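*Asks:* Take a look at this one; I'll ask things after.
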Amino acid sequence: MDIQNITVAGGGVLGSQIALQSAYKGFAVTLWLRSEGSIERTRPKLERLRGIYRQSLAALKTDPKAWCRGLTDSADVPAEKIDELIARVDAAFEGIVLTTDAAEAFGDTDLVIEAIAEVMDEKDAFYTSIKDVLPERTILCTNSSTLLPSAMMDFTGRPEKFLALHFANNIWQNNTAEVMGTAKTGEESYRAVVDFARAIGMIPLELKKEQPGYLLNSMLVPFLNSAEALLANGVADVETIDAAWTLGTGAPLGPFRILDIVGLTTAYNIVAASPAAQDPDSVAARIAALLKQRIDEGKTGINAGEGFYSYR
C-alpha cells in the first residue's frame, strides 16, 4: 500500500512528536484534535519540537556526538545538507494541518495513528466516531502504551486493518517503533506499517505476539512504578531516588526525569486503571493520588514547564 496522507489523533507528548517527525520525512500530516483549546495547547508543543530539531541539526555541524538517529542516516552530513534539513524542519512545521473537523482529518487519509488518552472508553468513543468517515483503504494504528490492540479492534469495524504502532519518547533520537498486530491483523497492513515506520526514520521492532506493555514498556513501567512506590511510601524524595539510579548505574536520567518526559497524565491513567488502585489503602492508590495532586496543580511534565522538576 502506498501511504502518503497521515492523520495523527491527539496532540499530546507523543502525538505532536509523531506528527512533526512524519512531516519532516515528507508525509502530508493532519493533526486531529478535540477542540480549539486542544489546538492552542498543541501549537506550543510543535513549536518547541521545531526548535529541538533545528538545534540538534545545527549542532551536528561541529559535534558528531549531537547526532540524532531519527533526523539523519549518519553523523557524517555536509554543512550545506544540514542547512537543507533545517529548512525541511520549518517546512514540515508549517505544513501540518491542525483541525477539529473529522471529515477534513479522516476523509482522505491512508493511515491514522491514534495517540489519545490511555482510557478504554475514550478509545471506544474515538474509533466509533470515525468509522463512517474513513476510506475503505485506511489502516488504523494505536500508539497505546499498555492497552492491547485486540481489546480495541472491534471498535474500529476493520480489525484486519488495525494494529499497534508504539513509539518511544523523543522519537527523533530514540527512534524505535514497536509494531504489534492481533490475530486478525492482515499481513498486508502489518507490512505497510513496518515500511511506514522505516520511512519516517524509525527502527521497526516487530512483535510476534501481543504483549501488554509491548517491549519497551514491559520493562519501563515496572521500573517507574518502583520509583513511584518509593516516593509514595516516604522512603526518599524525588531527587534522592533519581540520584540512586543515575549514580548507581550511569544512566543519564532518573525515573522521575523520565516520568516528566512521558507526562504525568499518562502515568496516572496507567496506574489508576490498575485493579490494585481500586483499594484506597494500596500503594497503587497512593501513587495515583500523588500523581493526581501534581496534575491538578498543572504540573503535568516537561511540556507544561513543570512536573516533578521545574523546566521554566
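FYI, it's all coordinate maths here, none of it is from the lab. The model shown is predicted, which means the values in this text are computed figures rather than measured ones. Neighbour counts run over all protein chains shown; Cβ positions are idealised from the backbone, glycine included.
*Asks:* Consider just the alpha-carbon atoms of the range 137-183 and return their Rg together with their Dmax, both in angstrom.
*Replies:* 11.4, 35
*Asks:* Continuing with the same structure: Which FRET efficiency, nearest 0.05, do Arg191 and Asp124 yield, Cβ-Cβ r, R0 25 Å? Don't skip to the end; give the middle numbers.
*Replies:* Details: r = 27 Å, r/R0 = 1.10.
Computed FRET efficiency for Arg191 and Asp124: 0.35.
*Asks:* Along each of its three principal axes, how wide is the spread of alpha-carbon positions in the chain, in whole angstrom units, largest first?
*Replies:* 53, 51, 39
*Asks:* Please give the calculated 222 nm ellipticity per residue for the chain, where each DSSP H segment of at least 4 residues contributes -39500 (n - 2.57) and the sum is spread over every residue; nearest 500 deg cm²/dmol? Intermediate values should be presented prior to the final figure.
*Replies:* Details: 12 runs with 146 residues, N = 312.
Rounded to the nearest 500, it is -14500 deg cm²/dmol.
*Asks:* While we're here: Summing +1 for each Lys or Arg and -1 for each Asp or Glu, what net charge is found among the other residues whose Cβ lies under 13 Å from the Cβ of Ala117? Provide the component values of the computation, followed by the final result.
*Replies:* Numbers: positive: Arg34, Lys123; negative: Glu114, Glu118, Asp121, Glu122, Asp124.
Every neighbour counted, the sum reads -3.
*Asks:* Among residues other than Gly157 whose Cβ falls under 11 Å from its Cβ, what is the net charge (Lys/Arg +1, Asp/Glu -1)?
*Replies:* Values: positive: Lys131, Arg158, Lys161; negative: Asp132, Glu136, Asp154, Glu160.
Net charge in that neighbourhood comes out at -1.
*Asks:* Using Cβ counts within 10 Å as a stand-in for footprinting exposure, how do Cys141, Cys68 rank, fewest first? List each step's numbers first, then the result.
*Replies:* On the way: Cys141 27, Cys68 20.
By the 10 Å Cβ count, ascending: Cys68, Cys141.
*Asks:* Expressed in whole Å with the largest first, what are the equivalent ellipsoid semi-axes of the range 70-187 derived from the C-alpha gyration tensor as the square root of 5 times each eigenvalue? Provide the component values of the computation, followed by the final result.
*Replies:* Numbers: eigenvalues 189, 66, 33 Å².
Output for the range 70-187: semi-axes of 31, 18, 13 Å.
*Asks:* Hey, quick one: spin label on Ala28, modelled 7 Å out along Cα-Cβ, who in the range 100-123 has an amide N within reach, i.e. under 14 Å?
*Replies:* Hits in the range 100-123 for Ala28 at 14 Å: 104-111.
*Asks:* Among Ala183, Met202, Gly107, whose Cα projects farthest towards the positive end of the dipole of the range 5-206, with charges put on the beta-carbon of Lys, Arg (+1) and Asp, Glu (-1)?
*Replies:* Met202
*Asks:* Using alpha-carbon positions, what is the distance between the centroids of the range 146-224 and the range 62-80, in Å?
*Replies:* The distance from the Cα centre of the range 146-224 to that of the range 62-80 comes to 27 Å.
*Asks:* Please report, in debye to the nearest 20, how large the charge dipole of the range 32-162 is about its Cα centre when each Lys and Arg carries +1 at its beta carbon and each Asp and Glu carries -1 there. Mind showing how you got there, number by number?
*Replies:* On the way: 17 positive and 24 negative charges, 99 e Å.
The dipole magnitude comes to about 480 debye.
*Asks:* Hey, rough spin-label estimate for Ala236 and Ala102, points 7 angstrom out along Cα→Cβ, what's it come to in nanometres?
*Replies:* 5.0
*Asks:* Here's another thing I want to ask about it. Label the range 149-236 by shape, choosing from rounded, prolate and oblate, from the square roots a ≥ b ≥ c of the eigenvalues of the Cα gyration tensor; if a/c is under 1.5 it is rounded, and otherwise prolate applies when a/b is larger than b/c, oblate when it is not. Spell out each step's value before the answer.
*Replies:* Details: a/c = 3.20, a/b = 1.69, b/c = 1.90.
Judged from the Cα gyration tensor, the range 149-236 comes out oblate (a/c at least 1.5, b/c at or above a/b).
*Asks:* Mind checking which lysines have their C-alpha under 16 Å from Lys208, skipping anything on the same chain fewer than 8 residues away?
*Replies:* Lys184
*Asks:* Would any residue of the range 166-199 have its amide N under 20 Å from a label point 7 Å out along Cα→Cβ of Lys131? List them or say none.
*Replies:* Within reach of a label on Lys131, which here means backbone N under 20 Å from a point 7 Å along Cα→Cβ, the range 166-199 contributes 182-186.
*Asks:* Based on the Cβ-Cβ distance of Thr246 and Lys65, what FRET efficiency does E = 1/(1 + (r/R0)^6) give at R0 = 22 Å, to the nearest 0.05? Before the final figure, lay out the partial values.
*Replies:* On the way: r = 19 Å, r/R0 = 0.87.
That gives a FRET efficiency of 0.70.
*Asks:* Among Thr249, Thr100, rank each residue by its count of other Cβ atoms within 10 Å, from fewest to most, as a rough exposure measure. Don't skip to the answer; put the middle values down first.
*Replies:* Details: Thr249 9, Thr100 14.
Going from sparsest to densest Cβ surroundings: Thr249, Thr100.
*Asks:* Another question about this same structure. At a Förster distance of 41 Å, what's the computed FRET efficiency of Lys81 paired with Leu215, Cβ-Cβ distance as r, to 0.05?
*Replies:* Rounded to the nearest 0.05, the efficiency is 0.80.
*Asks:* So what's the projected area for the range 189-312, the Cα convex hull averaged over all directions, in nm²? Kindly include the intermediate steps, with their values, before the conclusion.
*Replies:* Working: hull surface 39.1 nm².
If you wrap the Cα atoms of the range 189-312 in a convex hull and average its projections, you get 9.8 nm².
*Asks:* Can you tally the net charge around Phe308? Count Lys and Arg as +1, Asp and Glu as -1, for every other residue whose Cβ sits under 11 Å from the Cβ of Phe308. Could you put the intermediate results ahead of the total?
*Replies:* Numbers: positive: Arg257, Arg294, Lys299; negative: Glu228, Asp237, Glu239, Asp242, Asp260, Glu306.
Net of charged neighbours comes to -3.
*Asks:* For the range 146-234, which trypsin sites (Lys or Arg not before Pro) pass both filters: DSSP loop (anything but H, G, I, E, B) and at most 16 other C-beta atoms within 10 Å?
*Replies:* Values: sites: Lys161, Lys184, Arg191, Arg198, Lys208, Lys209; in loops: Lys184, Lys208, Lys209.
Answer in residue order: Lys184, Lys208, Lys209.
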